[in-house]
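Below: one structure, written as structure tokens.
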Amino acid sequence: MYGVPLMILPLIGYNVLVFLFGGVDWQSPMFSITMASGAVWTMTSSDIFLLVALFFLFIEILKSTHTGAGSIVDHILSTLVFIGCVVEFLLVAPAATSTFFIMTAIAFVDVVAGFSITIRGARRDFSVGPQQQS
């Protein structure tokens with residue numbers, strides 16, 4: 001499962017909810033909690049979906065700290081997931097929602113963070129500069 005970008009799971013989940021189950025009312029309240037201040041905090045379907053996507057982003061960032069041949073494939077696949085999200089957002093009407101846009105932004109952060117962390121880690125692995133002669 002190391003080479004599979006986890007951000008594909010929210011993409012698949014969104015498409016399953018929208019196309020197989022006939023859509024989701026992303027603003028429908030899932031539950032409400034009365035806070036100590038007296039305010040009522042309400043979680044919507046969109047909030048929960050994006051929370052799950054952020055959890056997968058966290059795991060992806062942890063995965064990007066490992067360097068190796070598999071990480072390059074993972075970064076390429078993450079980039080393809082992001083491109084798929086952008087294309088779907090622009091061309092598929094049911095994907096033109098704020099929820100899908102934020103999920104696409106999360107996929108973008110996954111790509112940028114993955115490459116940035118890998119490059120930063122690779123700099124530490126290789127010494128740059130003149131070599132001392134013996």
Q: Considering only the range 1-28, state which residues are touching a strand residue (DSSP E or B) at 6+ places or on another chain (Cβ under 7 Å) and surrounded by 12 or more Cβ atoms within 10 Å (Cβ to Cβ).
A: 26, 27
Q. Residues of the range 18-53 being in a helix (DSSP H, G or I) and without any contact (Cβ under 8 Å) to a residue 12 or more places away in the chain, which ones?
A. 20, 51
Q: Return only the number of the condition from (1) within 16 Å of residue 103 (Cβ to Cβ); (2) part of a strand (DSSP E or B) that residue 58 does not satisfy.
A: (2)
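Every number here is computed from the coordinates shown, using simple stated rules; none is lab data. Computed from a predicted structure; not experimentally measured. Glycine also receives a Cβ, built like all others from the backbone with ideal geometry; neighbour counts cover every protein chain displayed.
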